[in-house]
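The values are calculated or read from the model by the stated rules, or taken from the named source; none is laboratory data. Here the structure is a predicted model, which is why all the values come from computation and not from measurement. In this analysis, Cβ positions are derived from the backbone assuming ideal geometry, glycine residues included, and neighbour counts consider all displayed protein chains.
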Amino acid sequence: MTTSTSGPIETDSPTSTDRPLGPGTATGRRRALPEAIRAPFSDPALRVPTIVGLIGAVVAVAAGTLVRPGGAPTLLYPLTGRFMVWGDRTLVVVVSLCGVGALLAAWVAVFTAVRRRYHERNPVPVSTAVGLWLVWALPFALGPALFSRDIFSYAGQGETVAQGFDPSMLGVRVLGPSNEFLALVDPVWRGTPCPYGPFWLWISSAFASLSGHQPLVSVLMFRILALASVAVSVWCLIRLARHYGGDVATVVVLAVGNPIVMLHAVSGAHNEALMMALILIGMVLAVEGYLIPGVVACALAASIKIPAFAAVVFLGWAAAGPGSTLARRLWSTAWVSAVGGAVVALVSVVSGRGFGWLGALQSAGGARSLVAPARVAGIAAADVLGWIGIDLYDADVKRATTLLGLGLAAVLSALILLRTKDRVPFVSLGLALLVVSLLGPALYPWYVLPAFAVMALTLRESRMWLIIVLSVIGCVITFPSGTTALYRVGGLGPWIVPAITLGGLIFWYRTLRPRGDAADEPADLEPSAAPGPFG
């Protein structure tokens, strides 16, 4: 395979099974989508898990639709009708989660089959992997927003901006109690300042205006944006996987065939979907030799949520080129980061949002998040101190552990960056994004979507199984109404997460951790075949 960083990537000619994804003729383009959808059903090794996953997706959506969040109008949940169930009723929640479980089991089976075929030198065609994503995503795309109500917050924040208010200062409650947008927003977030960046608020405001200030139309626009973002991510992942010489089907199945993408990017329509797409676009541009446009794309991702700025830093580090001295790498990182920072500042000014959103970032940890390790550590520490007779304000303890978590994330990310050296830079970027997500002041399953997409490109077995384990936890930890399962176990909640985390780390260390030279380079990547600063 021949690649170039100064122009379009050249890849091996696609096989006949991949041609439906290419431009082709007009007839070929019309046939591409149906053929891609049929492909996983036609493959004997994938047929059964594909069907099981589809049934699981339909069951998860159908049962989850019966659990309507309080305040959400029936119009947004058309399948409920008179069989409305309020709250987290046990039966429908169990049925919905059983559907999710079936989807997860099917995904692991497909992943195992794809890896086996790859090692047998009979790789699964890219069109089959893309078709699998389309089949499993369809029920979630056609159903209501499940497992989170953030899409309604996005609509409310957009309406707040459109009405001339600053959600970074006031929250959506300023719209007034009779406002239709406010009625949809989870009460936890109604008075909370918006922690999102200026680029996302500009998009949200545009949707509010284009929808004619109709909540349902605005919500539909966010769903379409999320679907488009995942589709663009698929295209970018295919391009990057071919560039680095890995198994494209494995990357697609692991990154976007992942049920966590179905639940939280397709159904939940979280803004992490757009973040993921922009980061991957930036990576594609960088490896094709267009560094500055790549930096701009990643900076736009950071203008949605600031942790995405890690991608800008890694682009700068890698731009120094192979064999560069530490001083040269630091200089390259500094000027690229300055360009990225200038883009974020420009977006802040041009959008009219200013820099108030930076002060609102602390609100991300204000709501309950029993999944965030830093917050869990604060709750557990306050409990332990109370047991031994040391009474401190819980808020002070949680604030201290949150700062420690952020500091640890910065240190670990810096160490990951320093160890990148001449390896393919994006091998480490995914891990850094994961560290920043896990050690932040708040953590929800959809926060890890960009990290998983980049990590899937490494094709290292230990990291692939890390993605699978964390994805399974992320898919079953929330109920269809958006409630986190840990809130239902009372005082045990803060102790469950560290117990699971510690057990997972011990398991990974003893069984999956790469040792020796295997830790330095994923076997499936071929950086020597891709000369240039980005491999």
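Brief remarks follow.
- Residue that is farthest from the chain's Cα centre (by Cα), among those in the range 305-343 that are buried (at least 22 other Cβ atoms within 10 Å of the Cβ) and β-branched (V, I, T): V336
- From L138, L132, L146, L91, residue being modelled with pLDDT under 90 and within 21 Å of the chain's Cα centre (by Cα): L146
- The range 126-184, residues that are aliphatic (A, V, I, L, M) and under 18 Å from V261 (Cα atoms): A129, V130, L132, L134, V135, A137, L138, A141, L142, A145, L146, I151
- Of all residues in the range 134-163, those satisfying the criterion of being polar (S, T, N, Q) and buried (at least 23 other Cβ atoms within 10 Å of the Cβ) are S148, S153, Q157, T160.
- Any hit, the range 190-197, residues being buried (at least 24 other Cβ atoms within 10 Å of the Cβ) and in a helix (DSSP H, G or I): no
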